[in-house]
Amino acid sequence: MSGTLTHASHEHNDFTGRITALVVSRKHRRCGIGRALIAAAEKDFVEKRVTRVSLTTRFTREHAHRFYQALGYSRTGFRFAKQLLLVT
């Protein structure tokens, strides 16, 4: 498989779609596959009347940030996470 993308049509009962995963195999990167997958998801969103798309990526993945920015996406905030220790 060269690449895959998963997305949901609506988030929080509004007109926001969410791209939950985009993976392109290392040997097929920079071949237009990621762009094609994003374009297909965006087309599906438009057909479903979704007017905004959101996604997340790790802050260390600067190449991914540049990729999404080149496609017209912009950073809108920060996401925070905390690892919890389970007590048994």
Item checked: Hey, VAL23 modelled with pLDDT of 90 or more, touching a strand residue (DSSP E or B) at 6+ places or on another chain (Cβ under 8 Å) and not in a helix (DSSP H, G or I) or not -> no
Margin query: Can you report the number of residues in the range 16-39 which are among the basic types (Lys, Arg) and surrounded by 13 or more Cβ atoms within 10 Å (Cβ to Cβ)?
Written below: 3
Next item on the list: Kindly provide the set of residues from the range 40-58 that are surrounded by 10 or more Cβ atoms within 10 Å (Cβ to Cβ), assigned to a loop (DSSP other than H, G, I, E, B) and without any contact (Cβ under 8 Å) to a residue 12 or more places away in the chain, ordered by number.
Entry: THR57
Notebook entry, point to check: Out of (1) touching a strand residue (DSSP E or B) at 6+ places or on another chain (Cβ under 6 Å); (2) over 27 Å from PHE15 (Cβ atoms), the odd one out for VAL53 is which?
Noted result: (2)
Note to self: Condition check: charged (D, E, K, R), at pLDDT 90 or above and outside any strand (DSSP E or B). Does ARG35 satisfy that?
What the structure shows: yes
Check: Out of the residues in the range 70-88 that are surrounded by fewer than 10 Cβ atoms within 10 Å (Cβ to Cβ) and either among the β-branched types (Val, Ile, Thr) or touching a residue at least 24 places away in the same chain (Cβ under 8 Å) (or both), which is nearest to ILE38 (Cα to Cα)?
Finding: THR76
Check: Of the conditions (1) assigned to a helix (DSSP H, G or I); (2) basic (Lys, Arg); (3) within 11 Å of the chain's Cα centre (by Cα), ARG18 fails just one. Which one is it?
Finding: (1)
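Going through the range 59-88 one residue at a time, which ones are of a type outside the set (Gly, Ala, Ser) and assigned to a helix (DSSP H, G or I)?
GLU62, HIS63, HIS65, ARG66, PHE67, TYR68, GLN69
The values are calculated or read from the model by the stated rules, or taken from the named source; none is laboratory data. Source: prediction; values computed, not measured. In this analysis, Cβ positions are derived from the backbone assuming ideal geometry, glycine residues included, and neighbour counts consider all displayed protein chains.
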